[in-house]
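Before any comments, here is the structure.
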Amino acid sequence: MAAPTYDWRNPGPAPTEGPLADTFGRVAGDLRISVIDKCNLRCTYCMPAEGLPWLEKDEILTVDEIDRLARLFHSLGVREFKITGGEPTVRRELPEIVRRVCALEGVDVSITTNGLLLDRLAGPLREAGLRRVTVSCDSLLSHRYAEMTRRDAFDKVSEGLEAARAAGLDPIKINCVVIRGTNDDEAVDFARLAREGGYDVRFIEYMPLDAEKTWERDKVVPAEETLAAVSAAFDLVPVAQDSPQPATSFRFADGAPGALGFIPSVTNPFCESCNRMRVTAEGAFRVCLFALEETDLRAALRSGADDPAVERMIREALWHKWPGHKINHPDFVRPDRSMSMIGG
Ligand code: SAM
Ligand code: SF4
């Protein structure tokens, strides 16, 4: 008789205590919280020119609701928090949200932002307890930046990066989505920026999460190719990593400041060691960036569920986490939500 095969879709009840784990033994310790769906840019690889149907104010989690969820996840062992969006700096209460999450013991908190509003927010965010920041920027040519984001705002990003430095945020990471035929000729320029400015530049493969669904595999520049282009210009030394990381990281062999990371999200996804979870702006819990199912935590919070009940929902959802997204399989199905609605 054939041995029964394990079915992750039908794994039996989730554990009620112990680490926040799935059936593949992955322990989730990283939570990305989207604090708003709106954005002040319209990046072509993320959002349509006309924007998206925005959530009503009362549909978005309140500061207290975010605080409660952050505490609950913290009590379950989560120590890495990323505040994202949409564009998190567009939310007026961002410093207060950051202050509350940073107040949790032993946490590493970061925000991912397009940087446009950092000129006025870097200081208040630092005062709220933020130590580091990730700024997204996909071109160092202002006309190309304007084409890619549909806003002529490159100078604002530069000012934002300077403000982040002046406020003492460190490290400052720069996320660059590399798209074939659009900005793939700029990898060496970004590496030079990392050296000269002491930034940690991370090259990210273009993922099928654009709202307009114009993603094509041919537009993906494999991380290996970007690494080869940069390595031809600079001698790089790999950085040893204690645990599996999505990015392969390098420093400059000549001791110049800055670092580089290459994230093969499409060509070599890191699903086997993925420890990430997400809560969208309206409180939907997602156990994978590409998840097709989500758990409505806002409904639970607003219907008076106590923490143990919400914890059970979280554990149950995570227990059903799939082995990995099927981005490289013919039966891959895109999620309905695009990147800004998930919280990257
Ligand atoms: N608005 C903020 C920003 O741009 O940094 C935070 C939210 S944004 C959705 C988070 C990250 O997702 C950004 O670094 C952005 O470049 C990245 N992103 C958006 N769409 C993407 C796509 N289709 N493929 C890969 N990365 C994407
Ligand atoms: Fe806005 Fe970030 Fe999406 Fe660009 S990538 S449209 S900045 S949410």
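Rule-based calculations on the coordinates, nothing more; no lab input. Since the structure is predicted, the reported quantities are computational estimates derived from the model, not experimental observations. Neighbour counts are summed over all protein chains in view; Cβ atoms, including those assigned to glycine, are modelled from backbone coordinates with ideal geometry.
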- prompt: Calculated from DSSP H runs of 4 or more alone, at -39500 (n - 2.57) each and per residue, what is the 222 nm mean residue ellipticity of the chain, nearest 500?
  reply: -8500 deg cm²/dmol
statement: Candidates Thr134, Thr16, Thr113; GNM for the chain (alpha-carbon contacts under 10 Å) flags as most fluctuating Thr16
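Using Cα-Cα distances under 8 Å and only pairs 6 or more residues apart, what relative contact order does the chain have, in percent?
Details: 672 pairs, mean separation 74.1, N = 344.
Relative contact order comes out at 22 percent.
Just list whichever of Lys156/Lys321; Lys57/Lys219; Lys156/Lys219; Lys57/Lys326 have alpha carbons separated by over 30 Å in the model shown.
Over 30 Å Cα-Cα: Lys156/Lys321; Lys57/Lys219; Lys57/Lys326.
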field: Only Lys, Arg (+1) and Asp, Glu (-1) charged, at Cβ; the chain dipole about Cα centre in debye
entry: 280 debye
